[in-house]
1. Provide the convex hull volume over Cα atoms per residue for region 1-143, in Å³.
2. Which FRET efficiency value, to the nearest 0.05, is calculated for ILE15 and SER176 with the Förster distance at 30 angstrom and r the Cβ-Cβ distance?
3. Which stretch or stretches of region 121-148 have amide N atoms under 15 Å from the point lying 7 Å from GLU100's Cα along the Cα→Cβ direction?
4. May I ask you to compute the full-extension gain from GLN27 to LYS125, defined as 0.36 nm times their residue separation minus their alpha-carbon distance, rounded to one decimal in nm?
5. Per 0.36 nm of contour for each residue apart, how much would the distance between ALA214 and SER132 grow if the chain were fully extended, relative to their Cα-Cα spacing?
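What follows draws every value from the coordinates through simple rules; no lab data is involved. These numbers were taken from a predicted model, which means no experiment stands behind them. In this analysis, Cβ positions are derived from the backbone assuming ideal geometry, glycine residues included, and neighbour counts consider all displayed protein chains.
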Amino acid sequence: MLLARVKQPRFRLEIPVVDDSPASISQLALDVFRDLPIKRKGSAARLLIIYPNTTLTETAAKAFKPQSSSFVEHMDISSVTNGDTKILTSADVAVFLAPEASQLAIMKTVTDSLYPRPVVIFNPKWGFEEESSFGELEGFLGTFEVVYSFMGLEVRGLLSKRKGMVFRCVRDGLLSGEKWSVLVEEEGQLKVISRFKERPSIHEVENVLYNLMAINSPITKSAKFLKDLVSNVTGKK
């Protein structure tokens, strides 16, 4: 009898950063992963963070050093390319930190070799709208569930501009059909104006913001005022 293949947990996180320097990205990794609340047989899970280049690997290793732990390992993705895969066998969870699009093929190889252990893509260096040009690797990325994303977008109209956000958050690690929310900034606060079942494209988000700008524009309001004024005078709508 054939046993059903257990699905490998694959997740994706997208946290906006103002500064994407090695020092800043390393500090972000430290803040997110140093106290990872995952246990394995009563002890902390062994976390492997895989970096896109040696500079970031070395910077991150220094950032983690004061919080040194035998449960966090750092690895340059080029090491895997060169055949050094021993460190992969000891990892309970692997994280690709700020990977490049050019590294997708090796990421797929590493992810498959880690089965059935969880794999995370954290702050990829490509935009979501680029993924349709990745060929068969687009399907690989589609196996990763976005558990957190908070990405900004600004559009400019004729007389105004709008800042919007695309947001999704899976609470407590339990996937239950969370929708993608589009929010806009109004009077210093974020307000949900639309929700999507699937991740909206940049064009869909832009259309939502443009429509909102059109509704609230002085031109639209003036046209409505004139229409109402004429209707009141003529008695016709």
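1. Roughly 132 Å³ of hull volume per residue.
2. The value I calculate is 0.85.
3. Answer for region 121-148: 124-127.
4. Stretched fully, the GLN27-LYS125 segment lengthens by 33.6 nm.
5. Contour length minus the Cα-Cα distance gives 26.5 nm.
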